[in-house]
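The next block holds one structure in the form of structure tokens; read it before the comments.
A short reminder: the numbers here are calculations on the coordinates, not readings from a lab. Quantities reported herein were computed from a predicted structural model and do not represent experimental measurements. No Cβ is skipped: glycine too gets one built from the backbone with ideal geometry, and neighbour counts run over all protein chains shown.
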Amino acid sequence: MQPMAILLCLLFLLGINPGHASLSKDKPCKRLVLHLHDVLLNGTANEAEATSAVVANQTALGAYKFGKFVVFDDPVTADESLASPPVARAQGFYFYDMKTDYNAWFAFTLVFNSTRHTGTISIMGADLMMMDTRDLSVVGGTGDFFMARGVATVSTEAASLYYFRVKMEVKLYECH
Ligand SMILES: *[C@@H]1O[C@H](CO)[C@@H](O)[C@H](O)[C@H]1NC(C)=O
Ligand SMILES: *[C@@H]1O[C@H](CO)[C@@H](O)[C@H](O)[C@H]1NC(C)=O
Ligand SMILES: *[C@@H]1O[C@H](CO)[C@@H](O)[C@H](O)[C@H]1NC(C)=O
């Protein structure tokens, strides 16, 4: 056997994949900065603008909305303005899941259907709301984002009773 082949066999046996040896947090193969706007339905007061709704109300456990479940189909824009044309939609759900503080669990898909991008990026993970920035997992993708994997770093830019906006920095470390 050639020395190179022997080395590759050794690396394989040790579970080291030379292709991933250089994977660095600071060097994604693709990076997107997006803003997600969520307008929660408030009775019938904002039906025209609302893009999310409570499906199940909170339980009596704790004082942080434990169990409250919300489904959304939110516009995602390239800048901070809700009035800007959406570049994607974020479709999914979240629920509150902590007894002693606000904490939610998100699962959603960014759906792109524009001249710039078509395809999807699926994201899920814990939204530890007390942290300034939270990392969610990019678990997959389709179309322009075929087989995507990476991290979506989220921070809250605005929050009131029936509206929130988060900045999302989507960093992909697998691009095909
Ligand atoms: C929710 O709707 C009610 C009317 O049904 C209104 O009085 C109230 O101000 C609304 N709350 C917010 C935060 O917009
Ligand atoms: C949801 O639960 C909260 C707290 O128990 C209560 O104040 C509110 O009225 C409930 N909302 C609905 C739609 O039942
Ligand atoms: C994507 O956009 C095209 C052209 O505007 C439209 O025909 C199609 O229905 C859209 N697909 C989805 C999944 O929104």
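If r is the Cβ-Cβ distance from E49 to V139 and R0 is 22 Å, what FRET efficiency results, to the nearest 0.05? Could the numbers behind the result be given before it?
Working: r = 30 Å, r/R0 = 1.36.
The calculated FRET efficiency here is 0.15.
So for the stretch 94-166, taking the charge dipole from beta-carbon charges (+1 Lys/Arg, -1 Asp/Glu), which of M130, G150, G119 sits furthest toward the positive end?
Going by the charge dipole, the pick is G119.
When only C-alpha pairs under 8 Å and at least 6 residues apart count, what is the relative contact order of the stretch 22-174, in percent? List each step's numbers first, then the result.
Working: 409 pairs, mean separation 33.1, N = 153.
So the answer I get is 22 percent.
Given the options G141, G62, G119, state which has the largest fluctuation in a GNM of the chain using a 10 Å cut-off (strictly under) for Cα springs.
Looking only at G141, G62, G119, the biggest GNM fluctuation is shown by G62.
For a quick check of your reading of the filter: which trypsin sites (Lys or Arg not before Pro) in the stretch 135-176 sit in a DSSP loop and have no more than 15 other Cβ atoms within 10 Å? Kindly include the intermediate steps, with their values, before the conclusion.
Numbers: sites: R149, R165, K167, K171; in loops: none.
For trypsin sites (Lys or Arg not before Pro) across the stretch 135-176 that sit outside H, G, I, E and B with at most 15 neighbouring Cβ atoms in 10 Å, the list is empty.
Dipole magnitude of the chain about its Cα centre, charges +1 at Lys/Arg Cβ and -1 at Asp/Glu Cβ only, in debye to the nearest 20? Walk me through the numbers before you get to the answer.
Values: 14 positive and 17 negative charges, 93 e Å.
Computed charge dipole of the chain: roughly 440 debye.
How would D101, D73, D127 line up from fewest to most surrounding beta-carbon atoms within 10 angstrom?
On the way: D101 12, D73 15, D127 19.
Fewest to most other Cβ atoms nearby, the residues stand as D101, D73, D127.
Could you work out [θ]222 nm for the chain from helices alone, using -39500 (n - 2.57) per DSSP H run of at least four and dividing by all its residues? Round to the nearest 500 deg cm²/dmol.
Details: 1 runs with 11 residues, N = 176.
It comes out at -2000 deg cm²/dmol, rounded to the nearest 500.
Considering the chain as a Gaussian network with a 10 Å cut-off on Cα pairs, which listed residue, S160, S84, S137, attains the greatest mean-square fluctuation?
S160
When the Cα centres of the stretch 36-81 and the stretch 93-156 are compared, how far apart do they sit, in Å?
Comparing the Cα centres of the stretch 36-81 and the stretch 93-156, I get a distance of 16 Å.
As I understand it, the value is the acute angle between the Cα axis of helix 3-13 and the longest principal axis of the Cα atoms of the chain; what does it come to in degrees, rounded to 10?
40
Evaluate the distance, in nm, between pseudo-label points positioned 7 Å from the Cα of M130 and of D26 along their respective Cα→Cβ axes.
According to this spin-label approximation, the distance is 3.1 nm.
Do you know the relative contact order of the stretch 111-156, to the nearest whole percent, from alpha carbon pairs under 8 angstrom that are 6+ apart?
Numbers: 90 pairs, mean separation 15.5, N = 46.
Relative contact order of the stretch 111-156: 34 percent.
Rounded if a/c is under 1.5, else prolate if a/b beats b/c, else oblate: with a ≥ b ≥ c from the C-alpha gyration tensor eigenvalues square-rooted, which is the stretch 22-174?
Values: a/c = 2.00, a/b = 1.37, b/c = 1.47.
Since a/c reaches 1.5 but b/c is at least a/b, the shape of the stretch 22-174 is classed as oblate.
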